[in-house]
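Worksheet: one structure, shown below.
The values are calculated or read from the model by the stated rules, or taken from the named source; none is laboratory data. Predicted model only: the values in this text are computed from it and were never measured. Heads up, the Cβs are rebuilt from the backbone with ideal geometry, glycines too, and the neighbour counts pull from every protein chain shown. Note: accessible area is taken over every heavy atom of the protein model, side chains too, but ligands, DNA and RNA are not part of it. Shrake-Rupley method; radii C 1.70, N 1.55, O 1.52, S 1.80 Å.
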Amino acid sequence: PGGTTSPMSIEIGTVEALFRHPVKSMRGERLDAAALGWHGLDGDRRLAFRRVDDRGGFPWLTASRLPALLLYEPVRSGAAAGGLPTHVRTAGGEVLELFGDALAAEVGARHGAPVAMLHLDRGIFDEASVSVIAGATVDEIGRLAAQPPDVRRFRPNVLVRTHRALPFEEDDWVGGVLTFGRGSDAAAVAVTNRDERCAMVGFDPDTARNDPAVLRAIVRVRDNRAGVYATVVRRGPLAVGQPVLLTPAVAPRAARRARAHRP
């Protein structure tokens with residue numbers, strides 16, 4: 001994935017933060033380290049509520065339909081299989097079993113229709129399995145929307161603090177490969193496309209209140225796109241503080257010129 005790439009890698013920054021979201025649209029976890037597998041971060045977005053009566057192509061219950069989901073927190077009790085949560089702390093503070101009837105009943109009552117928790121080994125993603133955003137982009141969107149910058153609104157897996165500190169420089173990564181750390185076993189992802197944003201960015205992660213100014217700012221200055229999606233090309237460890245290297249895509253003109261000079 002990602003097309004032809006240059007053999008030259010450039011260090012563009014460091015990993016500032018890592019995030020995992022075990023249950024789709026519920027509160028995420030900030031991590032110091034994580035394992036990157038073929039289907040994204042281990043344990044990321046492996047669980048979701050399915051809307052039982054929905055027969056469409058996207059049956060998952062998300063915060064765009066039920067903002068209060070953002071206030072639910074996955075928790076672990078004892079040895080959880082595969083690092084997945086065993087319980088959920090509800091918006092009211094009650095701790096309920098993840099797959100228990102009580103949790104499904106409460107969320108279903110809030111939603112107004114029945115739901116059921118599902119576990120998918122390969123994850124439940126809107127686009128690709130890894131999402132990356134630059135800290136300068138988060139800061140700039142906060143400034144434009146007159147809101148304190150909060151990376152949690154964007155629900156990424158990797159927050160990169162770039163050396164150039166230019167907002168929206170992730171656009172230049174599309175088609176290239178990001179490597180986290182050094183060495184032949186370093187984790188790497190191919191950047192596939194820009195991340196088209198939805199109403200989710202408007203919800204305050206602490207209150208679930210919506211402020212459309214955040215989405216309006218992204219639409220106004222960047223065609224409703226901020227951050228990038230990526231697919232895994234090499235498994236490996238991720239950790240805060242790792243250097244991030246970019247192997248950029250070869251420009252189409254340069255690629256054509258190289259082909260023309262082949263013997």
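At 222 nm, what value in deg cm²/dmol follows for the chain if DSSP H runs of at least 4 each add -39500 (n - 2.57) and the sum is divided by all its residues, to the nearest 500? Intermediate values should be presented prior to the final figure.
Working: 4 runs with 40 residues, N = 263.
The helix contribution divided over the chain gives -4500 deg cm²/dmol.
For the chain, just list the percent of Cα-Cα distances falling in each 5 Å bin from zero outward, please.
1, 6, 12, 16, 17, 16, 13, 9, 5, 2, 1, 1, 0, 0, 0
Which whole-angstrom value gives the distance between the alpha carbon centres of segment 217-249 and segment 14-93?
Value for the Cα centre distance between the two parts: 20 Å.
As I understand it, the dipole of segment 110-263 uses +1 on the Cβ of Lys and Arg and -1 on the Cβ of Asp and Glu, about the Cα centre. Which of 242, 200, 184 lies farthest toward its positive end?
Among 242, 200, 184, the one farthest towards the positive end of the dipole of segment 110-263 is 184.
If you count only protein heavy atoms with a 1.4 Å probe, what accessible area per residue comes out for the chain, rounded to a whole Å²?
For the chain, the per-residue accessible area is 48 Å².
Going by average Cβ neighbours within 10 Å, how do the peptides 95-107, 192-204 rank, with the highest at the top?
192-204, 95-107
Report, in debye and to the nearest 20, how large the dipole of segment 78-231 comes out about its Cα centre when Lys and Arg carry +1 and Asp and Glu carry -1 on their Cβ. Can you show the working numbers first?
Numbers: 17 positive and 21 negative charges, 73 e Å.
I would put it at about 360 debye.
Label segment 107-158 by shape, choosing from rounded, prolate and oblate, from the square roots a ≥ b ≥ c of the eigenvalues of the Cα gyration tensor; if a/c is under 1.5 it is rounded, and otherwise prolate applies when a/b is larger than b/c, oblate when it is not.
Because a/c hits 1.5 or more and a/b fails to exceed b/c, segment 107-158 counts as oblate.
Just order 143-149, 69-75 by mean Cβ neighbour count inside 10 Å, highest at the front, would you?
The most tightly packed comes first, giving 69-75, 143-149.
If I ignore ligands, DNA and RNA and count only protein heavy atoms, how much of residue 77 is accessible to a 1.4 Å probe, in Å² to the nearest 10?
The accessible area of residue 77 comes to roughly 70 Å².
At a probe size of 1.4 Å, how large is the accessible area of residue 173, to the nearest 10 Å²?
Approximately 10 Å² of residue 173 is accessible to the 1.4 Å probe.
I need the shape label for segment 25-102. Rule: rounded when a/c is under 1.5, else prolate if a/b > b/c, else oblate, with a, b, c from the alpha carbon gyration tensor.
oblate
Could you sort 170, 16 by accessible area so the largest value comes first, with the probe set to 1.4 Å?
Largest accessible area first, the list is 16, 170.
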